[in-house]
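Heads up: the structure comes next, in structure tokens.
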Amino acid sequence: MATKKAVIAFDDDHFIVYGDDKLLLSVPAAVVRKKSATPIAVAFGSDALKMRDDLTEGLMFSRPFKGNTISDLPAAKLMIRYYLKKLFGINTSVELYILVSSGISSIGRSKTEQAFISCGYKNIYIVERPYLLAKIAQQKGFNLAVDLEGRTVEAVLCEDGKVTQAHSINIGVKDVESSVTEELCAKYDLSPCLKKTESTGERCIILNTYAEAPILSCFSLSREDYIVVDAIGLDIISGENKTIAVRSKELYPLVVRPYEKTVELMTALLMGCSEKTVGEIIRKGVLYLGEPTKINWFCEYMYKMTKLPACTANASFLQVKTLYGLLGDSSFLGYALGFGQ
């Protein structure tokens, strides 16, 4: 009988498992566990999120992952063991391919492997994202791909599905939300909302620590734009929700920072290219991968700054689905798991 295989991806917000040519699991990366020497889980995923704002004494809420690394090892082990046992039962021979960013350290890689191994799974393979991005770019006819899905922005220059250059920066579109929340809370004596809060309209942001509403869609990418945006936070004196009006222009530097850094990243890549490769990129453009609500704004700004045509690949779970489809490609796996050698 063929060995079962699955692709796993995780970040601050999600834990995803893809196998049997379909999405097997996509849940919030959240755990509520007891504060004890031996960690005991109380709730996972959506149930954990519901409990977050009303924890009783002796319980703690945790986000097990930060970016593509493990930030709370005990909680991560509880989550991995719980969900993989639900999916695969006692079958610990399943091959698990973990998709991580290129910025992962050797310590982060080792911690990820050990988390799964300690749960009984021995066949663990770490796949760094640039190798997959290069393959996706090749399939879609591009030489330059930029991944916007996580907190780490990755830019990959490739030829014939092979990475020629890859760079990443530890600032992503998701960081805009936390930066805007910190800025407005400090300026207007607010704190993040503790409970789910209803929006007041299309241009409204809820100040919280878990990105309840997409912030980027509320702002303009123009430095001179005076669009008024409602921001709802918790008044630190009264403890009640308070709505303030801010101008888009006020937060422009925070909103565009990831974009500006990505322009610098792409410029560094192109500086080392041959004239022929640069000509190909000018003709074909750049392939951007990410969430539709965020990627469209990103492409608008990037085109304004670089004048390079932009193509988007924002199909749901595109990366894990593509990687699963490549698990039978021995040439790709040999290249990716051999660190490009």
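Per-structure values
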| read-out | value |
| --- | --- |
| DSSP bridge orientation in the chain - percent antiparallel, rounded to nearest 5 | 65 |
| Of the DSSP H helices in the chain, those whose Cα atoms cover at least 15 Å axially and whose Kyte score averages -1.0 or more | 73-88, 106-117, 129-140, 174-188, 252-271, 292-306 |
| Fraction of alpha-carbon pairs over 26 Å apart in the stretch 227-341 - percent | 48 |
| Anisotropy class of the stretch 256-296 from Cα gyration tensor, a/c 1.5 cut | oblate |
| Furthest towards positive pole of dipole, LEU49, THR69, ALA37, structure part the stretch 31-76, Cβ charges | THR69 |
| Accessible surface of the stretch 13-162 [probe 1.4 Å, protein heavy atoms]: carbon and sulfur percent | 48 |
| Values of log10 I(q)/I(0), in the order q = 0.10, 0.18 Å⁻¹, for the stretch 1-156 under a Debye, Cα-only, solvent-free model | -0.38, -1.13 |
| Accessible heavy-atom area order of LYS77, LYS86, highest first, probe of 1.4 Å | LYS86, LYS77 |
| Stokes-Einstein translational diffusion, the stretch 93-177 - Kirkwood Rh over all Cα pairs, 1.567 mPa s, 4 °C, in µm²/s | 93 |
| About the Cα centre, charge dipole magnitude for the chain (Lys/Arg +1, Asp/Glu -1 at Cβ), debye | 900 |
| Surface accessible to a 1.4 Å probe, per residue, for the residues of the stretch 1-131, Å² | 46 |
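The values are calculated or read from the model by the stated rules, or taken from the named source; none is laboratory data. Since this is a predicted model, take the numbers as computed values, not measurements. Every residue, glycine among them, receives a Cβ derived from its backbone with ideal geometry; neighbour counts consider all protein chains shown. Surface areas here come from the heavy atoms of the whole protein model, side chains and all, with no ligands, DNA or RNA. Shrake-Rupley method; radii C 1.70, N 1.55, O 1.52, S 1.80 Å.
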